[in-house]
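> Okay, handing you the structure first.
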Amino acid sequence: MLKKRIIPCLDIQNGRTVKGVNFVGIRDAGDPIDLAKRYVLEGADELVFLDITATIENRDTLVSLVERIAREIDIPFTVGGGINSVEDVSRIITAGADKVSVNSSAVRRPELIREIADEFGSQCVTVAIDTQKSKEGWKVFTHGGRKETKLMTIDWAKKAEELGAGEILLTSMNNDGTKEGFALEITEKVSDRVNLPVIASGGAGFEKDFEILFKTTKATAGLAASIFHNNEIHIQDLKKYLKTKQIPVRCR
Amino acid sequence: MIAIIKYNAGNTCSVQNALKRLGYETLITDDEEELQNAEKVIFPGVGEASTAMSYLKERGIDQVILNLKQPVLGICLGLQLMCEHSEEGDVACLGIFKNNVCKFPNTEIVPHMGWNNFEEVKGTLFKGIEVNNDVYFVHNYYADLSDETTGVCNYITPFSAALEKDNFYATQFHPEKSADIGEKILKNFLDL
């Protein structure tokens, strides 16, 4: 049976792991390689690294970090942040990442998804969607959640699938950092409407939040950051818990 | 020396890193003599089948692979290209294995992405591996079953997770990305 994936996310700034709350307020959370290795030992199924600065000056720092990660880590990992072109993807993939995640750049120019899929295969392209609920419904935000777009989340997810995305990483800005659980309503809708793997992100505070996510939606993965970084939830314990709740997970 | 076949569909550095962790030096090459002289050959790959096949044919690498006598390990697209035919681009492949490569129905969640265990394992690659061990898959197409199947995985339908025939071995999953279990499988190949 295909296992539900537990994915720690490491936000990267100038080569260090950082964590913000509700998309603002950044503080240092350690060396990415040390953390990544710890998560592999704990039984993380994949890792996501998001370069939240993503300026041109930081590109070389990021590429050499990706090379280091690839040398030391024997599970798949995704790298995102500031990826604007097939050339950017090529540098990250050549450095050893398994997938890239695109967000703002794909909203600005959706064809980018197809270009990456054509060149590297759709399994390489994760489309990250930051979403917030407004009066009109769940809408897509870009630029690290600072900029509202006209796109409705479900429509954009469908469009991303048509263009060749291999996976959707759905982050609810309403839930992010709250520890009140995942955004089940929009996760359920998106995972119902697209036939792609959906990673739910934002709001996990307790083991039970992952259980509810996997029991009530078709999400194939749950992503979190600070609860893992701060040792509030140990991945091994989380998986043991999920197993007792009959949720298929990989235990080392 | 372990050679990794260089062509246009590679995640060659992941394989190279994994082998380095196991203490093996590798050579990434498309040179006929270097491939023939290598102790073992790894044929990795991600990408599109028909594009990869025409690349291999144009450069004559297809014939080189078919004539290899040492242990050869195909990974992911590598496995699919070693089969008879692929629905991806409707292309005749190398025909080392008699299996056909088909597309998963898109009524289900595709790609098959993540960690999955086996229904059945046998043969050299799986020494010390049990059916409940999980390995990492990511693919839209799968090889059907035949008597050359040595590992069966079930996602939507039972399919070949691994194949073996004479000196040719192949895995649909990525041993280089499958943590300790993948390492064991790679070691089984390297110990041949």
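The values are calculated or read from the model by the stated rules, or taken from the named source; none is laboratory data. Note that the coordinates shown come from a computational prediction; the quantities given were computed from them, not determined experimentally. Every residue, glycine among them, receives a Cβ derived from its backbone with ideal geometry; neighbour counts consider all protein chains shown. Side chains included, ligands, DNA and RNA excluded: accessible areas come from the protein's heavy atoms. Shrake-Rupley method; radii C 1.70, N 1.55, O 1.52, S 1.80 Å.
> Residue by residue through segment B:117-128, what is 3J(HN,Hα) from phi via Karplus (6.51 cos²θ - 1.76 cosθ + 1.60, θ = phi - 60°)? Round to whole Hz and write x for glycine and proline.
Taking θ as phi minus 60°, the curve returns 8, 10, 8, 7, 9, 8, x, 4, 5, 9, 4, x Hz for segment B:117-128.
> Can you run phi through the Karplus equation (6.51, -1.76, 1.60; θ = phi - 60°) for segment A:165-180 and list ³J(HN,Hα) in whole Hz, with x for Gly and Pro?
4, x, 6, 10, 10, 9, 10, 8, 5, 5, 9, 4, x, 8, 6, 9
> Next up: Would you work out the relative contact order for segment B:2-190, in percent, from Cα pairs under 8 angstrom that are 6 or more residues apart? Walk me through the intermediate numbers first.
Details: 421 pairs, mean separation 35.7, N = 189.
With pairs under 8 Å counted, the relative contact order is 19 percent.
> I'd like the FRET efficiency for residue B:39 and residue A:135, computed as 1/(1 + (r/R0)^6) with the beta carbon distance as r and R0 of 56 Å, rounded to 0.05.
Values: r = 66 Å, r/R0 = 1.18.
FRET efficiency, residue B:39 to residue A:135: 0.25.
> Taking residue B:184 as the anchor, which lysines have their alpha carbon closer than 17 Å to its alpha carbon, excluding any fewer than eight residues away along the same chain?
B:20, B:40, B:122, B:127
> Which order do the peptides B:14-21, A:188-195 come out in when sorted by mean C-beta neighbours inside 10 angstrom, highest first?
Numbers: B:14-21: 20.6, A:188-195: 19.1.
For the peptides B:14-21, A:188-195, the packing ranking is B:14-21, A:188-195.
> Another question, then. Take the cross-link list A:159/A:215; A:139/A:189; A:4/B:103; A:139/A:215; A:208/A:240; A:4/A:218 and give me the ones stretching past 20 Å between alpha-carbons.
A:159/A:215; A:4/B:103; A:139/A:215
> GNM, chain A, Cα, under 10 Å: largest mean-square fluctuation among A:203, A:144, A:222?
In the Gaussian network model the winner is A:144.
> Can you give me the long-range amide H partners of residue A:129? Hydrogens built in the peptide plane at 1.01 Å from N, cutoff under 5 Å, separation of 5 or more residues or another chain.
Placed amide hydrogens put A:169, A:170, A:171 under 5 Å from residue A:129.
> Still on this structure, please answer the following. Take every DSSP beta bridge with both residues inside segment B:2-190 and express the antiparallel ones as a percent of the total, to the nearest 5. Write out the running numbers ahead of the final one.
Numbers: 22 of 38 bridges.
The antiparallel fraction comes to roughly 60 percent.
> Straight distance only, please: which aspartates and glutamates reach the Cα of residue A:245 with their own Cα at less than 16 Å, same-chain residues fewer than 8 apart left out?
Here the aspartates and glutamates satisfying the reach criterion relative to residue A:245 are A:207, A:209, A:211, A:237.
> Can you give me the C-alpha center-to-center distance between segment B:150-192 and segment B:34-82, rounded to a whole angstrom?
For segment B:150-192 versus segment B:34-82, the Cα centre distance is 16 Å.
> Another one. Taking the Cα centre of each part, how many Å lie between segment A:59-75 and segment A:177-252?
Each part reduced to its Cα centre gives a spacing of 26 Å.
> Oh, and also: With a/c under 1.5 counting as rounded, go ahead and sort segment B:6-105 into rounded, prolate or oblate using the C-alpha gyration tensor (a ≥ b ≥ c being the square roots of the eigenvalues; past the cut-off, prolate if a/b is larger than b/c, else oblate).
Working: a/c = 1.89, a/b = 1.47, b/c = 1.28.
The shape class here is prolate.
> What are the ³J(HN,Hα) couplings of segment B:65-72, residue after residue, when phi is run through the Karplus curve with 6.51, -1.76, 1.60 and θ = phi - 60°? Round to Hz, x for glycine and proline.
Ordered by residue, 3J(HN,Hα) equals 4, 4, 8, 5, 10, 7, x, 10 Hz.
> Sort A:244, B:171, B:26 by heavy-atom solvent-accessible area, probe 1.4 angstrom, most to least.
Numbers: A:244 95, B:171 0, B:26 25 Å².
Output order, biggest surface exposure first: A:244, B:26, B:171.
> Let me ask something else about it. If you roll a 1.4 angstrom probe over the protein chains with everything in place, what fraction of the accessible area of segment B:2-190 belongs to carbon and sulfur, to the nearest %? Each step should come with its number before you reach the end.
Working: 2980 of 6890 Å².
C and S fraction of accessible area: 43 percent.
> Here's another thing I want to ask about it. Once every DSSP H run of n ≥ 4 in the protein assembly as shown is given -39500 (n - 2.57) and the sum is divided by its residues, what mean residue ellipticity at 222 nm do you get, rounded to the nearest 500 deg cm²/dmol? Please report the intermediate quantities before stating the final value.
On the way: 16 runs with 146 residues, N = 444.
Calculated mean residue ellipticity at 222 nm is -9500 deg cm²/dmol.
> Sticking with this structure for a sec: Would you work out if segment A:79-171 is rounded, prolate or oblate? Take a ≥ b ≥ c from the square roots of the eigenvalues of the alpha-carbon gyration tensor; rounded if a/c is under 1.5, else prolate when a/b is larger than b/c, oblate otherwise.
Numbers: a/c = 2.28, a/b = 1.80, b/c = 1.27.
Note, shape of segment A:79-171 comes out prolate.
> Restricting the calculation to Cα positions, tell me the Rg (one decimal) and the Dmax (whole number) of chain A in Å.
Rg and Dmax of chain A, Cα atoms, are 16.6, 47 Å.
> Using just the C-alpha positions of chain B as equal point scatterers, what log10 of I(q)/I(0) does the Debye formula give at each q in 0.10, 0.11 1/Å?
Computed log10 I(q)/I(0) values: -0.34, -0.42.
> Let me ask another. Report, by chain and number, residues whose modeled amide H sits under 5 Å from the one on residue A:5, excluding near sequence neighbours (fewer than 5 apart, same chain).
Here the answer is A:221, A:222, since their amide H atoms fall under 5 Å of that of residue A:5.
> Kindly give Rg over Rh for the protein assembly as shown, based on alpha-carbon atoms, with the Kirkwood expression for the hydrodynamic radius. If you can, show how the numbers build up before the last one.
Values: Rg = 20.9 Å, Rh = 21.9 Å.
Looking at the protein assembly as shown, the ratio lands at 0.96.
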